[in-house]
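What follows is calculated from the coordinates using simple rules that are stated; it is not laboratory data. Quick caveat: nothing in here was measured; it's all calculated off a predicted structure. Note that we place each Cβ from the backbone using ideal geometry, even for glycine, and neighbour counts take in every protein chain shown.
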Amino acid sequence: MAIKRRDFIKAGAVLGAATAIGMPSLWLKNADLARAQGGEIKVGVLFSLTGTTGIIEESLNKATILAIEEINSAGGINGMQIVPVIEDPASDPATFAEKARKLVLSDKCVSVFGSYTSASRKAVLPVFEKRNNLYWYPTLYEGRECSKNVIYTGAVPNQQQDEFIPWLVERFGKKFYLIGSNYIYPQEENNYCKKLLEKLGAEVVNEEYVPLGHSEFSSVINKIQNTQPNVIFSTVVGDSVVALHRQYRAAGLDPEKMPMASLTTSENEVAAMGGDAAAGHFTSAPYFMVHQSPENEKFVAAYQKRWGDDKVTHFVSEPSYFQVYMFKQAVEKLAASDITPPNIRDAVKDVELIAPQGRVRLERENLHTWLWPKIAVAQSNGQFEVLKDSTEWQKPEPYAAYPGQECLEEGLVGA
Ligand code: ACM
């Protein structure tokens, strides 16, 4: 590959500056690690294929690979192929960190697509911040993060709850039971939920957390029966979603009287538990598989052709897919020798595309995404029926639960 004169001069300028301030040669080698090389763009794919959140993360891996394959078969990015390096961090935050270090330092990936749980995102965050690399995170999460090294394409609490909580209160009543897995995401998401409930004059009858991977919900169900809430608000994740729904149904509880309202139950968990266990329960998310748009028809058909007719798409696999196209749009703007993580981060600001859910945009201030919230009810056929669709895309406000604090391009203000 010919080195352009402009790039040669730029490299010389960096070298000169580093020498002038006495940086060790090791620093120069490290600075040079994450850069597209040899006509290839290496990226990491870091989703669990095993362990408690393997149930959902293996579909995020599949959506990411599908997008990469589509881009490559259409000629790549400016003629360069994307080369994925796939790792299985086995639902374990420490393994996430170890694999992230490998992808950044040994494999020299210019970006990594990964994580379902916030626990795993928090575990890899120092790896990306220390090396000024870039992590693309497709999952709904609790907000309250303002990193220059993460691109967030899933929903934050204001995008899932602002419409959902008042809708639930109006429809079912004011007594809420909060049940979540025991880690940062459910705790912070419930923090936001409680603020909304308070404004609406609603009440939390119990707030309870179970360990990740928990599968025995009889004591939770006893407490639900004793407290008789109007709504069970669930931020339980992974295999536990399946266990909770099945045991709820086995206990004879009725979704018409006491539904579960979830931010983490997608078509994927519904497929695992069976449509009958899910039917009648509600989810709020920016994407459902039944969404009607030409882009979604294409996505679902391509996903099923690649991975099997029985496979479902859902509100985390959809951002896993479209964020690779955001990556493409950003990298397309760069000369081959400029494809580094900080340049990709700068080039993705304000990128817009028509995703399966509708037009989405990467907000330049906080590196989160404008999305289209929806409210839907699960059906026994395994799909959701959308009951409320947004008329406008919604701005991501990762600090909505913390008035006065805001994530801006210059960093977190008001903290
Ligand atoms: C999550 O942990 N962000 C679902």
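Structure values in brief
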| read-out | value |
| --- | --- |
| Failed criterion for Q159 (all others in (1) surrounded by 24 or more Cβ atoms within 10 Å (Cβ to Cβ); (2) away from the ligand (no atom under 14 Å from the Cβ); (3) over 18 Å from V241 (Cβ atoms) hold) | (2) |
| Condition check for E409: surrounded by fewer than 15 Cβ atoms within 10 Å (Cβ to Cβ), under 27 Å from K298 (Cβ atoms) and more than 20 Å from the chain's Cα centre (by Cα) | no |
| Single residue of Y137, Y152, Y116, Y141 found to be free of Cβ contacts under 8 Å to residues at least 24 places away in the same chain and crowded, with 20+ Cβ neighbours inside 10 Å | Y137 |
| Every residue from segment 69-98 that is of a type outside the set (S, T, N, Q) and surrounded by 24 or more Cβ atoms within 10 Å (Cβ to Cβ) | P89, F96 |
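Condition check ((1) outside any helix (DSSP H, G or I); (2) over 30 Å from R35 (Cα atoms)) across all residues:
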| residue | (1), (2) |
| --- | --- |
| K305 | no, yes |
| D309 | yes, yes |
| V312 | yes, yes |
| F315 | yes, yes |
| P319 | no, no |
| Q329 | no, no |
| L334 | yes, no |
| D346 | no, no |
